[in-house]
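Notes follow once the structure below has been shown.
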Amino acid sequence: MTAVVETAVELRDADAALDRVVQAGDGFAGVIPAGGEFRIVDLCGNQAADTLFYDALDLGNRYSATDTIREQGAVYLTTGSQLLSHRGDLLVTISADTGGRHDTVGGACSQESNVIRYGSHTRHQHACRETFLRYGAPFGIGARELGHNVNFFMNVPLTPAGALTFADGLSGPGKYVQVRAERDVLVLISNCPQLNNPCNGWNPTPIRLLGWWQA
Ligand SMILES: [Zn+2]
């Protein structure tokens, strides 16, 4: 009889198939193959990484915050959270999390929401919606395909009455969140340029993306 030896798979930066730094206000789009591990590192702390997930083979099958929150019975995302599409299909599972708090209720910033929240003087400011459209276009994603998003590292506490509040992030330099693709998944990221609330620490900073899969 042969003893079973469990071997932990160590993910090393040097082995990553994807290793990219995304500056504040810039974005990323790419496919994570099924079984791939994808990590977002908050390089400087308190940055918000606005992220959309799609079934790469059917862009109409996309991440749904409402289905995910209902099925997991919790409003915040962390290790073990299964991110579902609006058809109930599993897109990704959060496989590691050192950041602690990730919002999926607050939505992504747009020029319109900036005006409503912060005043008309902010209309000219770049917002996540524009980054999503810019990086999504080569994959066939337009305004109609933009749905619910995850705000990784963003702290949006809910009040007992159900209102949203913005608060200082709980993340810090080097904290990360990692997802495992449960099917081929297109990930679309806007590294939020928002200057008007504390979620970015009033100072948007870069993130690093690492991915492990067979190239
Ligand atoms: Zn934003």
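Could you check region 70-85 and list, in sequence order, the residues that are more than 18 Å from Gly100 (Cβ to Cβ) and open to solvent by 40 Å² or more (accessible area, probe 1.4 Å)? Please lay out each step first, then the result.
Narrowing region 70-85 to residues more than 18 Å from Gly100 (Cβ to Cβ): 70-71, 73, 82, 84-85.
If the condition is that a residue be more than 18 Å from Gly100 (Cβ to Cβ) and open to solvent by 40 Å² or more (accessible area, probe 1.4 Å), then Arg70, Glu71, Gly73, Gln82 are the ones that fit.
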Determine if region 101-124 includes at least one residue that is small (Gly, Ala, Ser), within 16 Å of the ligand (Cβ to nearest atom) and free of Cβ contacts under 8 Å to residues at least 40 places away in the same chain.
yes
Looking across region 24-47 at residues that are part of a strand (DSSP E or B) and of a type outside the set (A, V, I, L, M), the single one that is farthest from the ligand (Cβ to nearest atom) is Glu37
Checking Asp67 against (1) more than 13 Å from the chain's Cα centre (by Cα); (2) in contact (Cβ under 8 Å) with a residue 12 or more places away in the chain; (3) open to solvent by less than 40 Å² (accessible area, probe 1.4 Å); (4) within 23 Å of Asp26 (Cβ to Cβ): exactly one of these is not met. Which one?
(4)
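Could you say which residue among Asp50, Asp89 is within 16 Å of the ligand (Cβ to nearest atom), under 30 Å from Gly162 (Cβ atoms) and of a type in the set (Asp, Glu)? It would help to see each step written out before you state the result.
Details: Asp89 fails: within 16 Å of the ligand (Cβ to nearest atom).
Exactly one residue qualifies, and that residue is Asp50.
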Matching residues, region 181-193, being open to solvent by 10 Å² or more (accessible area, probe 1.4 Å) and more than 9 Å from the ligand (Cβ to nearest atom):
Glu182, Arg183, Asp184
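In region 98-155, which residues are closer than 27 Å to Gly60 by Cα and in contact with a helix residue (DSSP H, G or I) (Cβ under 6 Å, 6 or more places away or on another chain)?
As a first pass, look at region 98-155 and keep what is closer than 27 Å to Gly60 by Cα: 102-113, 126-154.
Within region 98-155, Thr104, Ala108, Cys109, Ser110, Ala127, Leu146, His148, Met154 qualify.
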Condition check for Leu59: in a strand (DSSP E or B), in contact with a helix residue (DSSP H, G or I) (Cβ under 7 Å, 6 or more places away or on another chain), modelled with pLDDT of 95 or more and open to solvent by 40 Å² or more (accessible area, probe 1.4 Å):
yes
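For the condition closer than 24 Å to Asp42 by Cα, within 13 Å of the ligand (Cβ to nearest atom) and surrounded by 20 or more Cβ atoms within 10 Å (Cβ to Cβ), what is the one hit in Asn155, Asn196, Asn151?
Answer to the check: Asn151.
Scan region 125-148 residue by residue and report those that are touching a Ser or Thr at 6+ places or on another chain (Cβ under 6 Å) and either within 11 Å of the ligand (Cβ to nearest atom) or aromatic (Phe, Trp, Tyr) (or both). Quick ask: steps written out before the conclusion?
Going through region 125-148, the residues touching a Ser or Thr at 6+ places or on another chain (Cβ under 6 Å) turn out to be 127-129, 131-132, 148.
Across region 125-148, the qualifying residues are Ala127, Cys128, Arg129, Thr131, Phe132.
Of all residues in region 109-140, count the ones that are over 16 Å from Asp50 (Cα atoms), open to solvent by less than 90 Å² (accessible area, probe 1.4 Å) and in a loop (DSSP other than H, G, I, E, B). Don't jump to the end; show me each part of the working.
We begin by selecting, within region 109-140, every residue over 16 Å from Asp50 (Cα atoms); these are 112, 115-125, 137-140.
Next, from what is left, pick out any that are open to solvent by less than 90 Å² (accessible area, probe 1.4 Å): 115, 118-119, 122, 125, 137, 139-140.
Among the residues that remain, those that are also in a loop (DSSP other than H, G, I, E, B) are: 119, 125, 140.
The qualifying residues number 3.
The values are calculated or read from the model by the stated rules, or taken from the named source; none is laboratory data. None of the values given here were measured: they were computed from a predicted structure. Cβ coordinates were reconstructed from backbone atoms using ideal geometry, including for glycine residues, and neighbour counts include every protein chain displayed. Protein only, heavy atoms only, side chains kept; ligands, DNA and RNA dropped before computing areas. Shrake-Rupley method; radii C 1.70, N 1.55, O 1.52, S 1.80 Å.
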